[in-house]
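Colleague: Okay, handing you the structure first.
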Amino acid sequence: MTSLRPLTRRGRVSRALLPVGALLLALPLAACGSESDSEDKAGGGTSPAAEAFEPVTIEHAFGSTEIEEQPERVATWGWGSGDAALALGVTPVAMPKYSYGADENGRMPWQTEAIEELGGEEPALLSETAEAPIEEIAAAQPDLILANYSGITEGDYEKLSKIAPTVAYPEEPWATPWREVITTVGEALGKADEADQLLEDIDARVAAAAEEHPEFAGKTIAAVAIDPSAFYVYRGADPRVEFLEDLGFELAPSVDELDTADETFYYMISTEEADKLTSDVLVSYSPNEDAAAEVDKSAAAKAMQQFQDDTVARVVGESLVSSVSPPTALSLTWGLDDFIEALVPAVEKADAQG
């Protein structure tokens with residue numbers, strides 16, 4: 001079982017010493033402040049938050065990024081970074097628009113809840129495209145860009161870095177552990193301690209769920225997305241799998257044995273090989289009940305022992321699937337109870353199978 005202790009990036013992220021006499025910009029303060037507040041807004045002083053910010057250098061796949069001053073206008077791209085910022089009390093000036101599982105505003109429901117709680121201006125929503133919308137991000141005039149769980153290329157990174165300091169993923173695209181997304185965002189925002197506390201709170205919820213369900217411990221598991229023409233298996237490096245391990249499950253050996261290594265966080269197998277993906281429990285993600293029913297009737301499902309034994313945990317519904325695929329600082333607790341509810345019957349059937 002993966003440790004539930006928050007995994008900080010302080011081995012990768014170093015806080016530079018604040019240069020003597022460095023002048024840090026004051027953070028925008030709330031309206032109707034005191035006389036000293038007015039002086040800060042006019043440039044006559046610095047806010048306590050700005051004075052406390054210690055420059056950081058964050059290492060990632062494309063080098064390192066120095067953040068010398070307290071970020072005031074943060075743009076996010078990819079998945080999870082915007083949620084981490086919101087959870088730490090910072091509303092991005094720009095963040096991705098979503099359609100899958102999103103509300104009428106183009107945001108995930110947990111994002112809308114957090115933005116409403118924080119108040120203030122709402123973020124600009126960036127076009128839902130495969131490549132980073134460079135011009136739209138530039139239009140938001142950010143002073144920091146967080147893309148630490150994304151698929152940006154080195155070329156994208158170079159373009160984004162000309163707009164503002166940009167933080168990319170640590171090693172591989174779309175494979176950053178969800179905890180590391182939170183700690184990196186915390187470091188970049190000058191909120192490392194708050195990020196650690198946030199992780200402690202989340203880990204406490206996950207640990208409580210694991211404790212309430214000791215039957216999860218030691219069960220082998222595989223996570224898949226199936227449609228009539230394709231069969232996707234999530235690799236051990238994927239945060240979805242990490243979350244399942246946090247709950248006590250163990251990655252089924254067959255996941256590694258069949259790995260074609262053709263993508264960073266998943267691989268594809270033919271439906272003819274589906275029966276080789278053996279596990280005590282199988283997690284199957286579907287956008288709706290109709291799609292789940294189609295999966296149950298597919299050739300791959302008919303060949304798999306898990307479907308025959310009914311040890312399949314069907315995670316159904318776009319928002320629920322999104323909340324755990326992979327989890328974020330906001331979505332994990334939002335979807336946790338429903339996710340557990342989907343897992344329990346499959347584990348009970350696996351126990352019954354002996």
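Colleague: Points 7 angstrom from Cα along the Cβ direction at Ile340 and Met268: gap in nanometres?
Modeller: With each label placed 7 Å out from Cα toward Cβ, I get 3.7 nm.
Colleague: Modelling each spin label as a point 7 Å along the Cα-to-Cβ direction, I'd like the Glu212/Glu72 distance in nm, to one decimal.
Modeller: Placing both labels 7 Å along Cα→Cβ, they lie 4.4 nm apart.
Colleague: Same structure, new question: Under a GNM of the chain (C-alpha, springs under 10 Å), which listed residue has the highest mean-square fluctuation: Leu244, Leu118, Leu86?
Modeller: The residue with the greatest mean-square fluctuation here is Leu118.
Colleague: Please calculate the 1.4 Å probe accessible area of Met268, with all protein chains present, and give it to the nearest 10 Å².
Modeller: Here the accessible area works out near 80 Å².
Colleague: Mind running the shape call on region 253-334? Use the C-alpha gyration tensor, a ≥ b ≥ c as the square roots of the eigenvalues: rounded below 1.5 for a/c, prolate if a/b tops b/c, oblate otherwise.
Modeller: Cα axes put region 253-334 in the oblate bin.
Colleague: With springs only between Cα atoms under 10 Å apart, run a GNM on the chain and tell me which of Arg235, Arg107, Arg179 wobbles the most.
Modeller: Arg107
Colleague: Any idea of Lys297's accessible area? Nearest 10 Å², probe 1.4 Å.
Modeller: Surface open to solvent at Lys297 totals about 120 Å².
Colleague: Using only alpha carbon pairs under 8 Å that are at least six residues apart, calculate the relative contact order of region 151-293 and give it in whole percent.
Modeller: Answer for region 151-293 is 23 percent.
Colleague: Also, I was wondering about something else. Compute the distance in nm between two label points, each set 7 Å from the Cα along the Cα-to-Cβ direction, one at Glu194 and one at Ser254.
Modeller: Each label point is offset 7 Å from its Cα along the Cβ direction, giving 4.6 nm.
Colleague: Name the residues whose placed amide hydrogens come within less than 5 Å of the amide hydrogen of Thr220, ignoring near sequence neighbours (fewer than 5 apart) on the same chain.
Modeller: Amide H neighbours of Thr220, under 5 Å, 5+ apart: Glu250, Asp280, Val281.
Colleague: Return the calculated 222 nm mean residue ellipticity for the chain, to the nearest 500 deg cm²/dmol, obtained by summing -39500 (n - 2.57) across DSSP H runs with n ≥ 4 and dividing by the residue count.
Modeller: -11000 deg cm²/dmol
Colleague: Which residue fluctuates most in the GNM of the chain (Cα springs below 10 Å): Gly119, Gly218, Gly78?
Modeller: Most flexible of the set in this elastic network: Gly119.
Colleague: For region 228-354, which whole percent of the accessible surface, found with a 1.4 angstrom probe, sits on carbon and sulfur atoms?
Modeller: Answer for region 228-354: carbon and sulfur cover 45 percent of the accessible area.
Colleague: I want to make sure I understand the PRE zone here: with the label point 7 angstrom from the Cα of Asp309 toward its beta carbon, which residues in region 222-265 have backbone N atoms less than 17 Å away?
Modeller: Output list for this probe position: 222-224, 249-255.
Colleague: Can you give the accessible area of His60 in Å² (nearest 10), computed on protein heavy atoms with a 1.4 Å probe?
Modeller: Roll a 1.4 Å probe over it and His60 shows about 20 Å².
Colleague: Per residue, how much accessible area does the chain show when a 1.4 Å probe rolls over the protein heavy atoms, in square angstrom?
Modeller: On a per-residue basis, 45 Å².
Colleague: Under the definition of Cα pairs under 8 Å and six or more residues apart, what whole-number percent is the relative contact order of the chain?
Modeller: 17 percent
Colleague: Which entries in Lys276/Lys349; Lys97/Lys297; Lys276/Lys297 show an alpha-carbon gap greater than 22 Å?
Modeller: Lys97/Lys297, as the Cα separations exceed 22 Å there.
Colleague: List the aspartates and glutamates whose Cα lies under 20 Å from the Cα of Lys302, skipping any in the same chain that are fewer than 8 positions away.
Modeller: Counting by Cα, and skipping residues close in sequence, Lys302 has these aspartates and glutamates nearby: Asp227, Glu272, Glu273, Asp275, Asp280, Glu289, Asp290, Glu294, Asp310.
The values are calculated or read from the model by the stated rules, or taken from the named source; none is laboratory data. Quick caveat, the model's predicted, so the values are computed rather than measured. Backbone-built Cβ (ideal geometry, glycine too); neighbour counts: all protein chains shown. Only protein heavy atoms, including side chains, enter the accessible area calculation; ligands, DNA and RNA are left aside. Shrake-Rupley method; radii C 1.70, N 1.55, O 1.52, S 1.80 Å.
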